[in-house]
1. How many residues are assigned to a helix (DSSP H, G or I) and in contact (Cβ under 8 Å) with a residue 60 or more places away in the chain if we restrict to the stretch 61-99?
2. For the stretch 100-120, enumerate the residues that are touching a residue at least 12 places away in the same chain (Cβ under 8 Å), out of contact with any Gly (no Cβ under 6 Å at 6 or more places or on another chain) and not in a helix (DSSP H, G or I).
3. Restricted to the stretch 18-27, and to residues that are at pLDDT 95 or above and part of a loop (DSSP other than H, G, I, E, B), which residue is surrounded by the most Cβ atoms within 10 Å (Cβ to Cβ)?
4. Quick one: which residue in 153, 123 is of a type outside the set (A, V, I, L, M), part of a strand (DSSP E or B), over 13 Å from the mean Cα position of the chain (by Cα) and at pLDDT 95 or above?
5. Just checking, which of 269, 224 is part of a helix (DSSP H, G or I), outside the structural domain of residue 110 (by TED's automatic domain parsing) and either free of Cβ contacts under 8 Å to residues at least 24 places away in the same chain or small (Gly, Ala, Ser) (or both)?
6. Could you tell me whether any residue of the stretch 192-212 is surrounded by fewer than 20 Cβ atoms within 10 Å (Cβ to Cβ) and either among the acidic types (Asp, Glu) or in contact with a Ser or Thr (Cβ under 6 Å, 6 or more places away or on another chain) (or both)?
7. Among the residues of the stretch 156-179, are any buried (at least 23 other Cβ atoms within 10 Å of the Cβ), under 29 Å from residue 313 (Cβ atoms) and among the β-branched types (Val, Ile, Thr)?
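The values are calculated or read from the model by the stated rules, or taken from the named source; none is laboratory data. A quick note: this is a predicted structure, and the numbers were derived from the prediction, not measured. So basically every Cβ, Gly included, is an ideal-geometry build from the backbone, and we count neighbours across all protein chains shown.
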Amino acid sequence: MPTRRAALAGLLALPLLPCPALAQRRSVDAGIEFPNAGARAWKAQLPQLRVGLLGGENEADRLGRFDAYRALLERTFELPVRLFPASDYAGVIQAFGAKQLDIANMSPAAYAGAWLDTNGGVEPLVTTEEADGSVSYVAVMLARADSGITSIEGMRGKAMAWSDPNSASGYLIPRFSLRRQGINPEQFFGRTGFAGGHEQAVVAVLQKQYDAAVTWASGQGDEAQGFTRGALRAMVEKGLVDMRQLWVIWRSEPIINGPQTVRSELPAAFKEDMRLFHLALPKAHPDIYRQIERGGGAGYREVSAADYQFMIDMRRQEAAERRRRN
């Protein structure tokens with residue numbers, strides 16, 4: 001039987017970004033049309049559509065960003081749509097487990113957590129394509145520009161803020177990526193803690209509560225503007241941060257973008273409507289698309305459960321390591 005050490009070594013040898021499946025529909029494809037408005041037969045099973053919103057940004061801003069999206073879903077499918085903002089990633093994971101949500105845009109790690117909690121009871125539909133057509137983003141580690149910390153080595157013995165224990169870019173991937181580099185996070189940093197979300201982690205660094213934090217970004221475009229998409233881009237656009245205050249001291253390998261996720265037991269016709277709604281959204285309603293994606297990209301691409309198997313394996317291993325440490 002393989003040991004935990006051997007299992008971890010095998011996991012760390014795997015790529016973070018799996019090879020996408022063939023023949024996936026994309027927003028940029030010709031012939032992708034926005035669904036016609038009208039009530040659907042699946043409304044008998046879904047008298048209202050419950051949309052989960054991950055944490056990591058203050059609730060008022062999340063509700064504001066998603067309100068036009070909610071209204072568009074209502075007009076298109078002629079049923080009530082409610083938004084359920086969670087205080088953290090765990091709230092959405094648990095709500096899927098309790099069948100209190102029907103759809104949510106998940107991080108890859110949150111999707112994997114929901115898949116494990118529901119024993120495969122959730123299904124990915126589409127993921128975000130970046131401006132260059134890739135389907136990945138990166139975790140970035142940020143320190144204050146005036147701190148004198150310019151590389152990961154400068155964080156030895158310093159205080160590190162993780163964003164959320166269920167975040168890929170804000171916790172799981174940085175820890176695994178650092179281990180690939182021969183850095184044990186438990187020993188390398190002097191102090192670690194959870195800030196309560198991506199936005200909160202960046203603010204904690206600016207307020208000198210931590211020396212560095214990790215968050216997510218597309219990794220593309222102008223770094224001075226917070227890249228093309230991501231938590232930093234949203235904070236720049238809201239006037240919460242000036243990138244001249246921060247220095248990117250480390251970034252991860254590419255991570256597959258998280259999926260629009262639904263409960264597996266819901267009707268196939270509902271899933272197809274949700275796929276087409278999102279695939280056509282960037283061209284049909286570009287302003288709404290940019291609002292919910294916190295910046296611009298090429299649109300969406302279909303995905304399958306196999307694209308996220310690595311993240312499921314990673315979460316299993318992280319849970320095993322946590323039990324061993326405790």
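1. Kept after step one, since they are assigned to a helix (DSSP H, G or I), are these residues of the stretch 61-99: 61-77, 89-97.
From the residues that got through so far, the ones that are in contact (Cβ under 8 Å) with a residue 60 or more places away in the chain too are 61, 65-66, 68-69, 72-73, 76-77, 89-90, 93, 96.
Adding up the residues that qualify gives 13.
2. Residues satisfying the conditions are 100, 102, 103, 105, 120.
3. Kept after step one, since they are at pLDDT 95 or above, are these residues of the stretch 18-27: 25-27.
Then drop every residue that is not part of a loop (DSSP other than H, G, I, E, B), which leaves 25, 27.
Working: 25: 15, 27: 21.
Taking the candidates together, the pick is 27.
4. On the way: 153 fails: part of a strand (DSSP E or B).
From the options 153, 123, the qualifying one is 123.
5. Details: 269 fails: outside the structural domain of residue 110 (by TED's automatic domain parsing).
The match here is 224.
6. Looking for residues that are surrounded by fewer than 20 Cβ atoms within 10 Å (Cβ to Cβ) and either among the acidic types (Asp, Glu) or in contact with a Ser or Thr (Cβ under 6 Å, 6 or more places away or on another chain) (or both), one finds none in the stretch 192-212, hence no.
7. Scanning the stretch 156-179, I find at least one residue that is buried (at least 23 other Cβ atoms within 10 Å of the Cβ), under 29 Å from residue 313 (Cβ atoms) and among the β-branched types (Val, Ile, Thr), so the answer is yes.
For (1) in contact with a strand residue (DSSP E or B) (Cβ under 9 Å, 6 or more places away or on another chain); (2) in the same structural domain as residue 70 (by TED's automatic domain parsing); (3) outside any helix (DSSP H, G or I), each residue gets a yes or a no:
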position	(1), (2), (3)
204	yes, no, no
210	yes, no, yes
219	yes, no, yes
241	no, no, yes
282	yes, yes, no
